[in-house]
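A short write-up of the structure that comes next.
The values are calculated or read from the model by the stated rules, or taken from the named source; none is laboratory data. Predicted, not measured: the structure shown is a model, and the values here were computed from it. Because the Cβ atoms are built from the backbone with ideal geometry, glycine has one as well, and the counts that use them run over all protein chains shown. We work out accessible area using only protein heavy atoms, side chains counted, and drop any ligands, DNA or RNA first. Shrake-Rupley method; radii C 1.70, N 1.55, O 1.52, S 1.80 Å.
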Amino acid sequence: MHYLENKEPEAIFEKVVHCLENGLPFAIYRKPDQQELQAVFQTDKDLLVSKDFDEKGFLFAPFDTEGDAILIRPDEVWKGKYKTEILANTAHINLVEDGKEIHVDLIKKGIQEIKKGRLQKVVLSRKIEVPLTKSPLEIFKALLGTCPHAFGYLFHHPKVGTWCGATPETLVKVKDKELNTMSLAATLPYVAGEVPKWGSKEVDEQQMVSEYIGDKLAHTMEHLEIDDAESVRAGTLWHLRSEVRGTMLPNIKTKEAVRALHPTPAICGIPTAEAKEFIKKNENYKRTFYTGFLGELNFGAEEETSLYVNLRCMELNKYNATIFIGGGITEASDPESEWVETQNKSKTMLNVL
C-alpha cells in the first residue's frame, strides 16, 4: 500500500473513470463536513472478503450478516482537497405513487405484528427504479454538493456492482479501544426557517433505539455514555440523534463490537432477530447492500476503523438507478403518514439524479 498525497481532484476523478471503464475495484469518498476526498484503488479484479475485520482496506458489507463483507485492498490511496459547491434542492420532483398500495399493506402487516407483541419496532423499505441520465461520477459529485454533512461515497467492484450514497448515520468508529457510535431515529421534513416539532411517536422511537444500543453494547464495554437526543439535519430531512461513546474491554475485537451493533434498530427493528425475520419474509425484495455498512477498516492517517450505515443510497447499472427508502414502524405508526415519509426521503436522491 502506498499513499500519493495531495492529488488534484481532477486526477482522482480521471482515475475513477479509468477504473469504471476497465472494471477495476475502487471506492472514493468524503467524510462528513470535510473537504478532503479519499480514493482507494485495487489494481486487480480479485473479489476479496474480510473474515475477521483485522485487514486493512475499504469495507462494503451487506445488510444480511451471513453475507460476505467485501474488501477493496488499498493498493493505491489517493487524497485531494475538493471544494464542493453546495447545491440547493431546487428541482421540482414528480413523486410517483406506484407501489403505494403494496407498501401501505406491508406497513399494516408490520403494525399487526407489533400489536401481537412479537416486535416493538420494525424498519420497512421499498425501492424505486429511475432511468439514468448522468454518469456515476456526476451523481457522486452532485451528492457531495447536496449532502455536505453526510458520508458521501461511490463504490465499484466488477463482481459486486456500483453503489453511490450519502449517509447521515455512523455505525461505529474505533481507535485504540475507544468506540463512538450514534443512536439515530425519527424523521421530519426540513422547512427553511422552522425548527422541527417532534411528537411522542418520534421521541419514543429514538429513546427505544438508544436503550437498545446500550443493551447490545453492554457486554463489550468497560463503560458507556449516551447523550440526550438532539435534532440534526440531513439534506431535506430532520432526524433525532444521540451520540454514544465508551471504552471497549481489552479482550473485545472490533468485529465483535460491529456484530453487536449491526443491524441497528434504526435499519432493522427491535428485537433484531425477529425484525430481521419479518423483513426477509415480507419486504418482497433483497436489500443486499442497502442498510449494510461501509468505510475505512484499520487504515488512514489514524489507522482507525470508521464505518457508516448504508442509507440514502442507490445501486447503479448501465441504464437505471435503484433508490432504496424505508422508515421505522412502531405501534403508533399511521400507514398513510409512513408512505408520505418514504416519499419525502426519496426527494434527495431523485433531485441528485
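Just checking, how many residues over region 262-277 are buried (at least 22 other Cβ atoms within 10 Å of the Cβ) and either part of a helix (DSSP H, G or I) or acidic (Asp, Glu) (or both)?
Of the residues in region 262-277, 1 are buried (at least 22 other Cβ atoms within 10 Å of the Cβ) and either part of a helix (DSSP H, G or I) or acidic (Asp, Glu) (or both).
Please give the strands (runs of 3 or more DSSP E) falling wholly within region 173-237 in which 1 or more residues are on the phi > 0 side of the Ramachandran plot.
Details: elements: 178-189, 221-226, 230-234.
Ranges flagged: 178-189.
Any idea which of His149, His156 is crowded, with 19+ Cβ neighbours inside 10 Å and more than 30 Å from Leu249 (Cα to Cα)?
Values: His149 fails: crowded, with 19+ Cβ neighbours inside 10 Å.
Just a single option satisfies the conditions, and that option is His156.
Could we say that Val49 is loosely packed, with under 14 Cβ neighbours inside 10 Å, aliphatic (A, V, I, L, M) and under 20 Å from the mean Cα position of the chain (by Cα) here? Talk me through it step by step, then tell me what you get.
Values: loosely packed, with under 14 Cβ neighbours inside 10 Å: yes; aliphatic (A, V, I, L, M): yes; under 20 Å from the mean Cα position of the chain (by Cα): yes.
Yes: the conditions hold for Val49.
Table: residues versus (1) closer than 24 Å to Leu294 by Cβ; (2) β-branched (Val, Ile, Thr); (3) open to solvent by less than 40 Å² (accessible area, probe 1.4 Å); (4) over 20 Å from the mean Cα position of the chain (by Cα).
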{"site": "Ala185", "(1), (2), (3), (4)": "yes, no, yes, no"}
{"site": "Val191", "(1), (2), (3), (4)": "no, yes, no, yes"}
{"site": "Pro196", "(1), (2), (3), (4)": "no, no, yes, yes"}
{"site": "Gln206", "(1), (2), (3), (4)": "yes, no, yes, no"}
{"site": "Asp215", "(1), (2), (3), (4)": "no, no, no, yes"}
{"site": "Ala218", "(1), (2), (3), (4)": "no, no, no, yes"}
{"site": "Met221", "(1), (2), (3), (4)": "yes, no, yes, yes"}
{"site": "Ala229", "(1), (2), (3), (4)": "no, no, no, no"}
{"site": "Arg233", "(1), (2), (3), (4)": "yes, no, no, no"}
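Grab the strands (runs of 3 or more DSSP E) fully contained in region 1-86, keeping just those with 2 or more residues being without any contact (Cβ under 8 Å) to a residue 40 or more places away in the chain. Let's see the steps before the verdict.
Working: elements: 2-4, 26-30, 36-41, 57-61, 70-72, 76-81.
Hits in region 1-86: 36-41.
Looking at (1) more than 23 Å from the chain's Cα centre (by Cα); (2) of a type in the set (Val, Ile, Thr); (3) open to solvent by 30 Å² or more (accessible area, probe 1.4 Å), which is the only condition Val104 fails?
(3)
If I filter region 243-269 down to residues being among the small types (Gly, Ala, Ser) and under 19 Å from the mean Cα position of the chain (by Cα), which single residue comes out as farthest from Asn180 (Cα to Cα)? Talk me through it step by step, then tell me what you get.
Applying the first criterion (among the small types (Gly, Ala, Ser)) to region 243-269 yields 246, 257, 260, 266, 269.
This time we only want the ones that are under 19 Å from the mean Cα position of the chain (by Cα), so: 257, 260, 266, 269.
On the way: Ala257: 11, Ala260: 13, Ala266: 16, Gly269: 21 Å.
If we take residues in region 243-269 being among the small types (Gly, Ala, Ser) and under 19 Å from the mean Cα position of the chain (by Cα), then Gly269 is farthest from Asn180 (Cα to Cα).
In a strand (DSSP E or B) and surrounded by fewer than 14 Cβ atoms within 10 Å (Cβ to Cβ), is that true of Glu243? I'd like the intermediate steps shown before the answer.
On the way: in a strand (DSSP E or B): yes; surrounded by fewer than 14 Cβ atoms within 10 Å (Cβ to Cβ): no.
Judged against the criteria, Glu243 is not a match.
Of all residues in region 105-131, count the ones that are in a strand (DSSP E or B) and either under 14 Å from Asn282 (Cα atoms) or of a type in the set (D, E, K, R) (or both). Spell out the reasoning first.
Going through region 105-131, the residues in a strand (DSSP E or B) turn out to be 121-131.
The next check asks that each one be either under 14 Å from Asn282 (Cα atoms) or of a type in the set (D, E, K, R) (or both); those that pass are 121-127, 129.
Residues flagged as in a strand (DSSP E or B) and either under 14 Å from Asn282 (Cα atoms) or of a type in the set (D, E, K, R) (or both) within region 105-131 amount to 8.
For region 132-163, enumerate the residues that are more than 19 Å from Asn22 (Cβ to Cβ), not charged (D, E, K, R) and not in a helix (DSSP H, G or I).
Leu132, Thr133, Cys147, Pro148, His149, Ala150, Phe151, Gly152, Tyr153
Determine if region 289-305 includes at least one residue that is open to solvent by 30 Å² or more (accessible area, probe 1.4 Å) and closer than 18 Å to Lys108 by Cβ.
No: region 289-305 contains no residue that is open to solvent by 30 Å² or more (accessible area, probe 1.4 Å) and closer than 18 Å to Lys108 by Cβ.
Inspect region 239-252 for any residue being under 17 Å from Thr342 (Cβ atoms) and among the hydrophobic types (A, V, I, L, M, F, W, C) and give the result as yes or no.
no
Within region 279-353, which strands (runs of 3 or more DSSP E) (wholly inside it) include 1 or more residues that are more than 30 Å from Lys255 (Cα to Cα)?
Working: elements: 293-299, 304-309, 313-316, 320-329.
So the answer is 320-329.
For region 110-125, which positions are among the charged types (D, E, K, R) and closer than 15 Å to Thr264 by Cα? Step through it out loud before you land on a result.
Here is the first cut: in region 110-125, the residues among the charged types (D, E, K, R) are 113, 115-116, 118, 121.
Passing the criteria: only Lys121.
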